[in-house]
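Chemist: Here's a structure for you.
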Amino acid sequence: MTNKQLKNLKDTLWTTTDQLRANSGLKFTEYAEPILGLIFFRFAECKYEKYEDEINAEYKKNQGTRMERPIHEIAIEKCGFYLPKRHGISIC
């Protein structure tokens with residue numbers, strides 16, 4: 001992510017937060033959790049994508065052998081968590 005993209009993301013997040021605070025009638029505690037959840041999901045999805053090819057390659061290489069393991073075990077070993085593929089949903 002370039003500095004310009006990072007600044008645009010920061011500006012967008014602050015603007016959105018201001019809109020929620022001023023116009024939604026919600027308290028910060030009511031909208032903070034979903035927003036933080038989306039930010040974390042974005043981080044997790046982007047991190048997982050960095051390891052996805054490596055995870056799939058190891059899974060396919062060991063498939064049908066004595067070393068075969070479930071894909072979620074390989075993913076947890078490689079990047080710390082497993083995100084199953086969701087069709088049509090991506091925020092990266």
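The values are calculated or read from the model by the stated rules, or taken from the named source; none is laboratory data. Nothing here was measured: the structure is a model prediction, and the numbers come from that model. Because the Cβ atoms are built from the backbone with ideal geometry, glycine has one as well, and the counts that use them run over all protein chains shown. Ligands, DNA and RNA are stripped out before the accessible areas are found, and what is left, the full protein with its side chains, is counted by its heavy atoms. Shrake-Rupley method; radii C 1.70, N 1.55, O 1.52, S 1.80 Å.
Chemist: Show the residue pairs meeting these rules: Cβ distance below 6 Å; 6+ apart or different chains; first residue within segment 27-43 and under 19 Å from Leu83 (Cα atoms); second residue of a type in the set (A, V, I, L, M).
Modeler: Between residues of segment 27-43 that are under 19 Å from Leu83 (Cα atoms) and residues that are of a type in the set (A, V, I, L, M), the close pairs are Arg42/Ile91.
Chemist: Which of (1) closer than 15 Å to Lys78 by Cα; (2) open to solvent by less than 70 Å² (accessible area, probe 1.4 Å) does Glu54 not meet, given it meets every other one?
Modeler: The one condition Glu54 does not meet is (2).
Chemist: Of everything in segment 34-74, what is of a type in the set (A, V, I, L, M) and in contact with a helix residue (DSSP H, G or I) (Cβ under 6 Å, 6 or more places away or on another chain)? Give them in sequence order. Show your work before the answer.
Modeler: The first filter runs over segment 34-74 and keeps only residues of a type in the set (A, V, I, L, M), leaving 35-36, 38-39, 44, 55, 57, 67, 71, 74.
Ile55, Ile71, Ile74 - these are the residues of segment 34-74 that are of a type in the set (A, V, I, L, M) and in contact with a helix residue (DSSP H, G or I) (Cβ under 6 Å, 6 or more places away or on another chain).
Chemist: Can you find a residue in segment 39-48 that is within 21 Å of the chain's Cα centre (by Cα) and at pLDDT 90 or above?
Modeler: Of the residues in segment 39-48, the ones within 21 Å of the chain's Cα centre (by Cα) are 39-48.
So of that shortlist, the ones also at pLDDT 90 or above come out as 47-48.
Yes, the conditions are met somewhere in segment 39-48.
Chemist: Related question: Test Phe81 against the criterion of being loosely packed, with under 13 Cβ neighbours inside 10 Å, outside any helix (DSSP H, G or I), within 18 Å of the chain's Cα centre (by Cα) and not aliphatic (A, V, I, L, M), and give yes or no.
Modeler: Yes, satisfied.
Chemist: Name the one entry in Leu20, Leu13, Leu36 that is in contact with a Leu (Cβ under 7 Å, 6 or more places away or on another chain) and either modelled with pLDDT under 80 or surrounded by fewer than 14 Cβ atoms within 10 Å (Cβ to Cβ) (or both). Before you say what the answer is, go through the steps one by one.
Modeler: Details: Leu13 fails: in contact with a Leu (Cβ under 7 Å, 6 or more places away or on another chain); Leu36 fails: in contact with a Leu (Cβ under 7 Å, 6 or more places away or on another chain).
Within the list Leu20, Leu13, Leu36, the selection yields Leu20.
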